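J.: Mind having a look at this structure? Questions to follow.
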Amino acid sequence: MKFLTDETARLLREYSWPGNVRELQGAMERAYLISDEIEIAPDYFAFLLPNSPINFDALGKRQLFVDFPLRDFSLRQALANIIHKALALHNYNKSQTARYLGISVNRLKRYLD
């Protein structure tokens, strides 16, 4: 048995559900199947939010989407964008974010300075 976190329940209540009950049912089934935790966090419903950096592939693995500008590209700015979106993906937990990015927590902290 799995449960929705309070934040997830709030997100689901506040969403307009243009597809009505069928859309809600599909979203709930999808989140239930791809979550590997007892509590289903809001990021399993991030696909409902416009401009969310989080999505899921066909196998249910979380993906992080990062936009790169076509002009005035800056590697420093792109790296900062990746780090901030990865932090959001992991609820601003630096240890989890560092592990996800394959770097040490100290290096992550240096990037954030």
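J.: Mind checking the full-extension length gain between E14 and N106? Use 0.36 nm per residue of separation minus the Cα-Cα distance, one decimal, nm.
T.: 29.3 nm
J.: I need the Debye-formula profile for region 66-113: one equal scatterer per C-alpha, no solvent, reported as log10 I(q)/I(0) at q = 0.21 1/Å, two decimals.
T.: Values, matching the q order: -0.68.
J.: Could I ask something else about it? Give, in nm to one decimal, the length gained when the segment between A41 and Q77 is fully stretched (0.36 nm per residue of separation minus the Cα-Cα distance).
T.: 10.1 nm
J.: Now a separate question. With an 8 Å Cα cut-off and a minimum separation of 6 or more residues, compute the relative contact order for region 1-51 in percent.
T.: The normalised contact order for region 1-51 reaches 57 percent.
J.: Turning to a different aspect of this structure: Which ordering of D113, D6, D43 is given by a fewest-first count of other beta-carbon atoms within 10 Å?
T.: D113, D6, D43
J.: With 10 angstrom as the radius, rank F45, F73 by how many other C-beta atoms surround their C-beta, starting from the fewest.
T.: Ranked by crowding around the Cβ, least crowded first: F73, F45.
J.: Related question: Mind checking the dipole of region 1-51: about its Cα centre, +1 per Lys or Arg Cβ, -1 per Asp or Glu Cβ, Debye to the nearest 20?
T.: For region 1-51, the charge dipole is close to 240 debye.
J.: In whole angstrom, how long is each semi-axis of the equivalent ellipsoid of region 1-51, when you take the square root of 5 times every eigenvalue of its Cα gyration tensor and sort them from largest down?
T.: Semi-axes, largest first: 17, 12, 10 Å.
None of the figures in this text is laboratory data; all of them are computed from the coordinates on show. On a predicted model such as this, the values are computed, not experimentally measured, just so you know. All Cβ positions, even for glycine, are placed from backbone atoms using ideal geometry, and neighbour counts span all protein chains on display.
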